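The values are calculated or read from the model by the stated rules, or taken from the named source; none is laboratory data. This is a predicted model, so every value here is computed, not measured. Virtual Cβ from ideal backbone geometry, glycine too; neighbours counted across all protein chains shown.
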Amino acid sequence: MKKIYLLAALSCSLLAFSCKNDDFSYVYYTPEEQALLSPYLNLPQLPSNYEVVLPTYMSFSGVGGFSRPVEFAKVELGRVLFYDKSLSKDGKIACANCHKQALAFSDDAAVSKGVFNRSGTRNSIALSSVPSFSGAYENTGNSLFWDNRAKTVQEQSRASLANVKEMDMSMAEVVAAVNNQPYYSVLFRKAFGEQSATEEHVTEAIQSFVHALASFQSKFDEAAQAQFESNTQNFHFEVENFEQFTAQENRGKTLYLNNCASCHTQTFSAPFVQSASNGLDEYPNDAGVGGVTNFAPDMGTFKVPALRNIALTAPYMHDGRFQTLEQVIEHYNTGIKPHANLHSNLQSPDGTPKKMNFSANDKESLVAFLHTLSDEKMIADARFANPFK
């Protein structure tokens, strides 16, 4: 027993001495590991904190789900994989080429260019909305891609890596490319305890990074949270003006809630409607979800996207046909076309396409409100930036 007390006292003394020593610090990467990483990557001494926190106003408003544990080392690895061009056939394309941080991880082209300058077929969906609707939270499961064919980010990343118009790599080629880069042995050992990559670990790490792209710091979020904290017991932002909003933004919020929220939700989490025809074309040449399910009611329908950061993610729709929010609003105002599967929310009582009859002031107010959904902090966050030198 005396030996135990002696050892404990000695340990405490050594710890106290170490803490007083200015040279003492916890070493995450050894000098040998730093030598493998530093020629290629700018990484912090410790993995960044990537914990995703759901704003309390959203939880109060009935948003389902619970934040999953975030393993920071896996997210850091996923960030490197996300920006690594060596995972493409021509060595020139990374995930980040079509999902740019400054654009809320979307692209400003109608359809993106992949390997060998090949054009894609659909617009790149903004990934900054993924944590709020695709599995970063339990029980919120929306599917991914415009045709909803992927159920997880792992499935989505496999498909994008393999797509001949995107990165054109088999998973065996991806794993070989990863294992051929010296820096990955360190990152995989930290994340998975093994220095060699596997297909499952590659896609899990990419999924971890995408799930960490939380975007809950917009003007809308801050105003809703402030309103909630000032009146927790009687919080109903559907009928209340936000004190932090201008009169025009509040007017746009009311218009949005009355005309758009039935599909896209009040809190900009998981859309209420997963897929729909919004009357873009009477005879669409893209079957959308129906091309995957071969189910007649799905023909010509597409994912209903989350609208967080919508002002940053032009052009719009699955084919990028609209360049501005004003054009999108005018489509719903006067341009909805007949379609066999036109969503009921967009039909008049007689089944014809609805006309919203927005005034010029209405349209300006809606645009002003949609701009409050932009998260300027997220698009400048160094945790999500390109780590390569």
Scan segment 240-253 and give yes if some residue there is among the β-branched types (V, I, T), within 30 Å of F216 (Cα to Cα) and loosely packed, with under 15 Cβ neighbours inside 10 Å, otherwise no.
-> yes
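Answer with yes or no whether T56 is among the β-branched types (V, I, T) and at pLDDT 90 or above.
Working: among the β-branched types (V, I, T): yes; at pLDDT 90 or above: no.
When the stated conditions are applied, T56 does not pass them.
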Restricting attention to helices (runs of 4 or more DSSP H) lying wholly within segment 215-319, give those where 2 or more residues are touching a Pro at 6+ places or on another chain (Cβ under 8 Å).
-> 219-230, 261-264
Sole residue being buried (at least 20 other Cβ atoms within 10 Å of the Cβ) and either without any contact (Cβ under 8 Å) to a residue 40 or more places away in the chain or assigned by TED's automatic domain parsing to the domain that holds V304 (or both), chosen from A172, A197, A159 = A197
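Residues of segment 358-382 being in a loop (DSSP other than H, G, I, E, B) and within 14 Å of E330 (Cβ to Cβ), which ones?
From segment 358-382, those in a loop (DSSP other than H, G, I, E, B) are 358-359, 372-375, 380-381; that's our starting set.
Matches in segment 358-382: F358, S359.
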If we keep only residues of segment 320-336 that are part of a loop (DSSP other than H, G, I, E, B) and in contact (Cβ under 8 Å) with a residue 40 or more places away in the chain, then the residue surrounded by the most Cβ atoms within 10 Å (Cβ to Cβ) is I336
Look through segment 291-319, keep the residues that are farther than 22 Å from L257 by Cβ and aromatic (F, W, Y), and return whichever of them is surrounded by the most Cβ atoms within 10 Å (Cβ to Cβ).
-> F302
Please work out which one of (1) modelled with pLDDT under 95; (2) within 23 Å of the chain's Cα centre (by Cα); (3) not in a helix (DSSP H, G or I) is the condition D147 fails and give its number.
-> (1)
